[in-house]
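The values are calculated or read from the model by the stated rules, or taken from the named source; none is laboratory data. Model, not experiment: these values are computed from the prediction. Neighbour counts run over all protein chains shown; Cβ positions are idealised from the backbone, glycine included. Ligands, DNA and RNA are stripped out before the accessible areas are found, and what is left, the full protein with its side chains, is counted by its heavy atoms. Shrake-Rupley method; radii C 1.70, N 1.55, O 1.52, S 1.80 Å.
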Amino acid sequence: MSTLVIAPLLVALVTAILTLLTRPSDILQRTVSLLGGVAYLVAVAALFDAVVLPLGGESTTLVYQVSNWAAPFGITLVADALSVFMLALTGFVSLLTLGYSVASVGAFGQRLSYHTLFHFMVVGVTGSFLTGDIFNLFVWFEVMLMSSYILVLFYSGREHTRAALNYVVLNLIGSAVMLIAIGGLYSTTGTLNMADIARRLAEPAAYDIALLPTLGLSAVLFSVFALKAGLAPFQFWVPAAYRAAPSPVTAMLAGVVKKVGVYAIVRLYFTIFAAASIDIGFLGITGDSFLGFFGPVMFAMAAVSIVLGGIGAVGRDDVDGILAYSSISQVGFIVLPLAVAATAPSEAVRALGVTAALVYAFNHGIAKSLLFLASGTLKDAVGSDRLSDLGGLADRAPVLAAGFLLGALTLIGVPPLSGFFGKYLVFQAAAEAFAAGAAGAGLALAVALAGAILTIAYYTRAWNAVFWGRPSDLVDAALPERWTVGSGDVAMTDGGDNGLKRLELTAQVTVVVALAVAAIGFGIGFEALFGAADAAARAALDTNGYVDAVIHGPGVGLESGGGGH
């Protein structure tokens with residue numbers, strides 16, 4: 001059964017290689033890419049079934065020891081409820097984004113490198129979610145980032161080159177810092193395996209571990225994850241990179257890739273470093289554990305992200321700019337309940353905080369992917385995403401308008417959309433912490449309320465400017481008549497065949513509608529989403545269970561009789 005752990009990784013890797021080999025045939029390459037996306041989602045579903053289902057019961061942890069080398073000496077891959085939950089988001093969003101890519105990316109770009117790079121990015125994301133040691137977390141981060149570097153630069157214009165250069169330089173610096181921090185952690189703990197680190201931190205005297213240097217190195221590592229997630233004060237690369245990349249790439253960056261940084265924070269600081277006990281008194285930050293130190297740090301970063309991103313979004317004059325700054329704000333909403341959980345006075349509140357963060361991350365992945373794809377469709381149909389050029393699209397493109405509205409309402413938090421429950425859980429976690437007397441919980445409630453008001457403000461402004469009112473001259477020229485999926489007249493903004501343009505736009509709008517339906521579906525069937533997120537949160541907080549599964553569990557090596565290294 002543990003061999004199932006590597007199935008999503010192998011599927012993504014094989015698909016990436018096959019799309020490279022089938023480049024001479026456009027149709028074959030796109031077919032292979034889409035089939036690979038389907039196969040990836042199937043592999044993730046099988047893993048989800050083995051690990052999490054049935055919901056409400058005890059989840060399972062599957063461990064794969066590469067080449068039968070038992071942990072902590074070999075390379076370990078671990079699939080528990082947390083990693084599988086994140087893989088489910090990846091599989092769903094990546095498949096729909098691939099469908100959108102086939103319709104939106106030019107034939108030359110697809111044939112040249114797009115699908116191969118896309119699937120290698122998925123390989124890196126998958127490896128990051130499954131790896132069981134911190135050095136290979138660095139390796140999978142680099143696989144993911146190397147693909148994303150080129151995809152951000154995909155259109156090769158001046159703006160794209162500048163954005164890609166900033167993105168590459170900042171992430172290369174982050175990667176160097178990450179490698180230094182990992183080397184330092186290896187020096188202080190004597191191991192790279194995450195479970196083994198947790199085991200040793202729980203008994204530092206037995207392994208001669210100095211906890212204070214370990215805390216300092218983990219803080220350095222945290223800054224790297226904050227950079228990857230786009231948290232303030234490391235958010236400055238986000239707007240330019242998101243506007244420069246092709247729309248489906250931006251959807252993946254905001255919907256999935258950014259979540260890798262969030263996952264790393266949950267996995268390392270709530271599962272691994274939480275095993276250590278240390279009395280802390282530094283710059284007014286006090287506590288008796290690593291989480292006691294990182295809680296206030298997370299809160300400060302989350303609060304600044306929520307406010308700074310929200311204000312930035314309100315002031316932007318283009319749709320992609322609004323969505324990019326919104327992403328900064330929304331990742332703050334994901335980390336805010338983690339800050340509450342880190343300083344929670346009870347295990348129940350801590351579990352609720354992590355669950356709230358995971359539910360919000362899942363909803364954000366769907367809604368923000370939807371919105372960036374809707375923005376890309378808008379640019380393809382009209383030729384601009386500047387607010388001053390737009391207006392009246394609710395009348396001329398009602399299906400696209402409905403999809404955008406549902407995505408915006410999901411992030412605003414309107415029932416019965418899934419985003420309502422995510423935002424409700426964030427407020428509930430802060431409220432329960434406040435009722436229990438947790439320091440800073442009242443301020444967390446105030447920040448969340450301010451962020452919610454800003455979210456309403458910038459999405460209302462975007463809706464009124466883009467979809468409401470009288471159609472602008474540009475909209476009149478591009479969409480002279482009411483256009484719905486599969487019908488109507490679409491003027492060409494770039495020359496070419498009008499019928500082909502309608503077909504491509506129909507495919508793009510269909511993907512947007514599918515994501516909107518998912519937002520509705522996960523809201524109506526929220527109990528299932530909550531059950532999966534709750535199982536993921538319990539797995540994240542079960543340090544002993546994680547250690548037992550990796551260090552003392554059978555793994556593939558012992559199952560096949562190959563243990564005893």
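With the checklist (1) assigned to a helix (DSSP H, G or I); (2) surrounded by fewer than 20 Cβ atoms within 10 Å (Cβ to Cβ); (3) of a type in the set (A, V, I, L, M) in hand, flag the one item Ala439 doesn't pass. It fails just one condition, (1).
Identification of helices (runs of 4 or more DSSP H) wholly contained in the stretch 111-224 with 3 or more residues that are under 30 Å from Leu98 (Cβ atoms) yields 115-130, 134-152, 158-189. Against the conditions (1) touching a residue at least 60 places away in the same chain (Cβ under 8 Å); (2) in a helix (DSSP H, G or I), Leu227 satisfies every one except (1). Among the residues of the stretch 89-101, those that are within 17 Å of Leu505 (Cα to Cα) and either polar (S, T, N, Q) or surrounded by fewer than 24 Cβ atoms within 10 Å (Cβ to Cβ) (or both) comprise Thr97, Gly99, Ser101. Looking only at residues of the stretch 66-80 that are in contact with a Phe, Trp or Tyr (Cβ under 9 Å, 6 or more places away or on another chain) and of a type outside the set (Val, Ile, Thr), we find that the one that is farthest from Asp534 (Cα to Cα) is Leu77.
Has the stretch 65-83 got at least one residue that is buried (at least 18 other Cβ atoms within 10 Å of the Cβ) and charged (D, E, K, R)? Yes: the stretch 65-83 contains one or more residues that are buried (at least 18 other Cβ atoms within 10 Å of the Cβ) and charged (D, E, K, R).
Here Gly216 qualifies as open to solvent by less than 40 Å² (accessible area, probe 1.4 Å), more than 22 Å from Asn544 (Cα to Cα) and free of Cβ contacts under 8 Å to residues at least 12 places away in the same chain. For the stretch 402-426, a residue qualifies if it is surrounded by 18 or more Cβ atoms within 10 Å (Cβ to Cβ) and either farther than 21 Å from Ala254 by Cα or not aliphatic (A, V, I, L, M) (or both), and the qualifying residues are Gly403, Phe404, Gly407, Thr410, Gly413, Ser418, Gly419, Phe420, Phe421, Gly422, Lys423, Leu425.
Identify the residue in the stretch 134-185 that is polar (S, T, N, Q) and within 22 Å of the chain's Cα centre (by Cα) and, among all such residues, is surrounded by the fewest Cβ atoms within 10 Å (Cβ to Cβ). Filtering first and then ranking leaves Asn166.
Quick check, is Ala528 buried (at least 18 other Cβ atoms within 10 Å of the Cβ) and either out of contact with any strand residue (DSSP E or B) (no Cβ under 7 Å at 6 or more places or on another chain) or aliphatic (A, V, I, L, M) (or both)? Here the answer is no, as Ala528 does not meet what is asked. Could you say whether any residue in the stretch 335-345 is of a type in the set (S, T, N, Q), farther than 22 Å from Gly419 by Cα and assigned to a loop (DSSP other than H, G, I, E, B)? Within the stretch 335-345 (the criterion being of a type in the set (S, T, N, Q), farther than 22 Å from Gly419 by Cα and assigned to a loop (DSSP other than H, G, I, E, B)), the answer is yes, since at least one residue qualifies. What single numbered condition from (1) farther than 23 Å from Gly261 by Cβ; (2) of a type outside the set (Phe, Trp, Tyr); (3) out of contact with any Leu (no Cβ under 7 Å at 6 or more places or on another chain); (4) surrounded by 23 or more Cβ atoms within 10 Å (Cβ to Cβ) fails to hold for Thr377? Evaluating Thr377 over (1) farther than 23 Å from Gly261 by Cβ; (2) of a type outside the set (Phe, Trp, Tyr); (3) out of contact with any Leu (no Cβ under 7 Å at 6 or more places or on another chain); (4) surrounded by 23 or more Cβ atoms within 10 Å (Cβ to Cβ) leaves (3) as the failure. When residues in the stretch 2-40 are screened for being of a type in the set (Lys, Arg) and open to solvent by 60 Å² or more (accessible area, probe 1.4 Å), 1 of them pass. Pairing residues of the stretch 147-164 that are on the phi < 0 side of the Ramachandran plot with residues that are of a type in the set (Ser, Thr, Tyr), at Cβ distances under 6 Å and at least 6 apart in sequence or on separate chains, gives Val152/Tyr167.
Scanning the stretch 506-517 for residues that are surrounded by fewer than 21 Cβ atoms within 10 Å (Cβ to Cβ) and either of a type outside the set (A, V, I, L, M, F, W, C) or touching a residue at least 24 places away in the same chain (Cβ under 8 Å) (or both) returns Thr506, Ala507, Thr510, Val513, Ala514. Candidates are the residues of the stretch 380-401 that are open to solvent by less than 40 Å² (accessible area, probe 1.4 Å), in contact with a strand residue (DSSP E or B) (Cβ under 9 Å, 6 or more places away or on another chain) and outside any helix (DSSP H, G or I); the one that is farthest from Ala450 (Cα to Cα) is Ser384. Among (1) more than 18 Å from Phe372 (Cβ to Cβ); (2) surrounded by 24 or more Cβ atoms within 10 Å (Cβ to Cβ), which single condition is Glu347 missing? Looking at each condition in turn, Glu347 falls short on (2). Of note, Leu445 satisfies the criterion of being over 26 Å from Ala518 (Cβ atoms), in a helix (DSSP H, G or I) and touching a Phe, Trp or Tyr at 6+ places or on another chain (Cβ under 8 Å). The residue list Ala232, Ala251, Ala241, Ala313 contains one member that is in a loop (DSSP other than H, G, I, E, B), touching a residue at least 24 places away in the same chain (Cβ under 8 Å), open to solvent by less than 10 Å² (accessible area, probe 1.4 Å) and touching a helix residue (DSSP H, G or I) at 6+ places or on another chain (Cβ under 7 Å), which is Ala232. Among the residues of the stretch 316-327, the ones that are part of a helix (DSSP H, G or I) and farther than 16 Å from Lys258 by Cβ come to 3 in all. If the condition is being open to solvent by less than 30 Å² (accessible area, probe 1.4 Å) and touching a Gly at 6+ places or on another chain (Cβ under 6 Å), then the stretch 41-56 contributes only Val44.
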